[in-house]
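Before any comments, here is the structure.
Only the coordinates and a few stated rules stand behind these numbers; no lab work does. Predicted model only: the values in this text are computed from it and were never measured. Cβ placement follows ideal geometry from the backbone for every residue including glycine, while neighbour counts extend to all protein chains displayed.
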2 protein chains.
Amino acid sequence: MGFTTATAALRLSVGMLLFLVLAAARAESLPSWNDSESRHQIVSFVAAVTDPGSPDFVPADARIAVFDNDGTLWSERPAYFQLLFAIDRVKTLASEHPEWRQRQPFQAVLEADLRTLAESGEKGLLELVMATHAGMTTEEFSTIVEDWIGTARHPTSNRLYTEMVYQPMLELLEYLRAHGFKTYIVSGGGIEFMRPWVERVYGIPPEQVIGSSIKTRFELRDGEPVLVRLPEINFIDDKEGKPVAIHQHIGRRPIAAFGNSDGDLQMLQWATAGEGRRLGVIIRHTDADREWAYDRESLIGRLDKALDEAAERGWIVVDMKEDWGRVFAFESPE
Amino acid sequence: MGFTTATAALRLSVGMLLFLVLAAARAESLPSWNDSESRHQIVSFVAAVTDPGSPDFVPADARIAVFDNDGTLWSERPAYFQLLFAIDRVKTLASEHPEWRQRQPFQAVLEADLRTLAESGEKGLLELVMATHAGMTTEEFSTIVEDWIGTARHPTSNRLYTEMVYQPMLELLEYLRAHGFKTYIVSGGGIEFMRPWVERVYGIPPEQVIGSSIKTRFELRDGEPVLVRLPEINFIDDKEGKPVAIHQHIGRRPIAAFGNSDGDLQMLQWATAGEGRRLGVIIRHTDADREWAYDRESLIGRLDKALDEAAERGWIVVDMKEDWGRVFAFESPE
């Protein structure tokens, strides 16, 4: 090995050390978490699986943690943000599609007729998604998402959507990574809707994002290869689909799972039923002042069966109102 | 940050440094590669994309290299090793399936009637695969593969199948990782057939393995979640499927791709058409003495279109006979 390589390796290691020291210093205290039982249980799990002297020790490469996105890392009200994206896209594309003015569910979107839109049901929503998410290359779609996420505003807070992420969860992601965890998103949302921005916002690289998807087709256009997005469902990453997708993408069982709804039930079951110490966490929306309050009766993010099972299976239920000192970074700290 | 955390971080960094120094020292010379033009081109590509002062510099997180498996990392003669696994499984399971003695293609396997087996075509092979790869949980299948790969012998060399890996490619994988690359397998073979052993043999963890797959179903058995393997194709990771799967799993374009057959053509096109400096490599089977020699006319691992395109697109064609000092670790070094 040459001198240059040795120097580069040394630099890398010194850089790594500094990074670890700083990351640990920032993350150790989880500053937006109150000194609650939930916080205590999470910290004690991490201590147990990372201490080489502990009977619960897990080697770093098996420290895999999976996070739902909508309602777990960012808000999902008044509707899933990806649906709001689709609605914005319909408005943007309407001038190229005069037929939409007389065709549902597009007409309902253009006339802000939410009742008719809701009545169009799953079929209507699927049509909206296909019209706005398919027909372009993967690179074109990525640019569309980046442009939208960089400028569009949340309808009630008037914040950028990327400001609607939960500060305590950002700290938790960083805290876990500082302790050798590999953090994944496992979301019912579209994989290609998340990838353009989650690295910047959550520190999660594209290859650690799992989600729902439509099919793509490989084509050569004037000799240049492209992937074209097709109006056909490939995979729905929700409920029973989550463990299936985790196995497909990761190939080993996570030791920690974080969700907020019945859509995360099977993922929580799968992750926490493995051998050794495991962590299951449910984020419960209890704070109507700072965020929203909803659970068993909600259409979006219903938390019912998973809440019943939390007690039986020993999952932690985080109470947003009680356990979080602040919800969003844009709030003034307490 | 506490003293303990600082100490742990320091230890980790010192460990990392030692690892890097040793890995670089071992890998830098690619000892099983002759001092050929192919080797020179690979080394100069790696130097260019890892030198921060180079116009071709690529940050470490974008240094993604994808490798085909059959015929690129290990042999594929006299047949794909996964097919030999399926044949061994049919023999093992035959006592539980007396009906197989009168049913094709099982009868052909049990009577070693290769002509009839070949005549059963894709449909017959699919039936063999489904009968031997489905019907159990993912964990049960993983154990079956581990048992087989740990004991079964290659029909002509009488070596373990994991000894039939190419020593120069093992060195190349390590060399790339020592230079900050993330190495992936992208194989037409089954993802779950590879994951149990590729980490030990290639140093590639389960989450960096992409392959063909059958569907799985999530079930609770006495309250315990399992994934059951179903006799239904989920995805064929070959030809046009390779870039599709790369995009699905990784979400960014590799900067280097290694293959050996027309099944890798689209993956090579996709990886090397991206912006900036790219590396496409074809391993050409030219060594009938130490391995096998085949290309344009072969049924297994046909290399025809990709060979034509290599010249146009500037891909390196590695000549196994000329470029490799040795092929397998079990050969005595020259």
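Side notes on the structure shown:
- Taking every DSSP beta bridge that has both ends in chain B, the antiparallel portion is near 40%.
- Peptide-level mean, for A:179-185, of C-beta atoms on other protein chains within 10 Å: 1
- Between 0 and 90°, nearest 10: helix B:3-27 axis offset from chain B longest Cα axis: 80
- Amide H partners (placed H, <5 Å) of A:Gly301, local residues excluded: none
- Distances between placed amide hydrogens fall under 5 Å for B:Glu76 paired with B:Gly71, all partners being 5 or more residues away or on another chain.
- Contact order normalised by residue count of the range A:200-313, Cα under 8 Å, 6+ apart, percent: 17
- Per principal axis, descending, Cα span of chain B in whole Å: 67, 57, 39
- Most fluctuating residue given options A:Glu174, A:Glu119, A:Glu163, as computed from a GNM of chain A linking Cα atoms under 10 Å: A:Glu119
- Sorted by Cβ neighbour density within 10 Å, fewest at the top, the residues A:Asp323, A:Asp264: A:Asp323, A:Asp264
- Relative contact order for the range B:281-329, counting Cα pairs under 8 Å that sit 6 or more residues apart, in percent: 45
- Placing +1 on the Cβ of every Lys and Arg and -1 on the Cβ of every Asp and Glu, with nothing else charged, gives the range B:48-132 a dipole about its Cα centre of roughly 340 debye.
- Taking B:Arg77, B:Arg115, B:Arg177 as the candidate residues, the one with maximal mean-square fluctuation in a Gaussian network model of chain B, Cα springs under 10 Å, is B:Arg115.
- Count Lys and Arg as plus one, Asp and Glu as minus one, and take only other residues whose Cβ is under 12 Å from that of B:Gly211; the net charge is then -3.
- The DSSP beta bridges internal to the range A:153-260 are antiparallel in roughly 75% of cases.
- Span from the the range B:140-159 Cα centroid across to the the range A:305-334 one, whole angstrom: 48
- Computed on the Cα trace of the protein assembly as shown, the radius of gyration divided by the Kirkwood hydrodynamic radius gives Rg/Rh = 0.97.
- Remark on B:Asn234: its backbone amide H falls under 5 Å from those of B:Ser213, B:Ile214, B:Lys215, a criterion applied only to residues 5 or more positions apart or on other chains, H modelled at 1.01 Å from N.
- For the options A:Thr72, A:Thr138, A:Thr183, a Gaussian network treatment of chain A with springs between C-alpha atoms closer than 10 Å singles out A:Thr138 as fluctuating the most.
- Residues in the range B:276-287 carry Karplus couplings, in order, of x, 6, 9, 10, x, 10, 10, 8, 9, 7, 10, 10 Hz; the curve used is 6.51 cos²θ - 1.76 cosθ + 1.60 with θ = phi - 60°, and Gly or Pro positions show x.
- Charged side chains reduced to their Cβ positions (Lys and Arg at +1, Asp and Glu at -1) give the range A:123-253 a dipole of some 480 debye around its Cα centre.
- Taking θ as phi - 60° and the Karplus parameters 6.51, -1.76 and 1.60, the scalar couplings of the range A:120-127 work out to 5, x, 4, 4, x, 5, 4, 5 Hz in sequence order, x denoting glycine and proline.
- Based on the Stokes-Einstein relation at 20 °C and a viscosity of 1.002 mPa s, and on the Kirkwood radius from alpha carbon pairs, the range A:210-334 is assigned a translational diffusion coefficient of 127 µm²/s.
- Candidate lysines for bridging to A:Lys239, where Cα separation is under 23 Å - those fewer than 8 sequence places away on the same chain excluded: A:Lys123, A:Lys182, A:Lys215, A:Lys305, B:Lys215
- Ordering B:Gly223, A:Leu268, B:Val244 by Cα displacement along the dipole of the protein assembly as shown toward the positive end leaves A:Leu268 in first place; charges were set at the Cβ atoms of Lys, Arg (+1) and Asp, Glu (-1).
- Summed residue charge, Cβ within 10 Å of B:Thr183's Cβ, Lys/Arg positive, Asp/Glu negative: +2
- Within the range A:250-318, DSSP assigns beta bridges of which about 20% are antiparallel (rounded to the nearest 5).
- D_trans [Stokes-Einstein, Kirkwood Rh over alpha-carbon pairs] for the range B:156-287, 10 °C, 1.306 mPa s, µm² s⁻¹: 97
- Estimated from helical segments only, the mean residue ellipticity of chain B at 222 nm is -13000 deg cm²/dmol, where each DSSP H run of four or more residues counts as -39500 (n - 2.57).
- Counting from the shortest, the label point at A:Gly223, 7 Å from Cα toward Cβ, is 6.5 nm from the same position in each remaining copy.
- Inter-copy separations for B:Pro55, label at 7 Å along Cα-Cβ, nm, ascending: 6.3
- For B:Leu279, A:Leu125, the sequence from fewest to most other C-beta atoms within 10 Å is A:Leu125, B:Leu279.
- Exposure proxy order (Cβ contacts within 10 Å, fewest to most) of B:Thr216, A:Thr162, A:Thr92: A:Thr92, A:Thr162, B:Thr216
- Cβ charges +1 (Lys, Arg) and -1 (Asp, Glu), total dipole of the protein assembly as shown, debye: 500
- Shape metrics for the range A:269-323, restricted to C-alpha atoms - Rg then Dmax, Å: 12.5, 40
- For B:Arg103, the distances from its label point to the matching points in the remaining copies are 4.8 nm, ordered from shortest, with each point set 7 Å beyond Cα toward Cβ.
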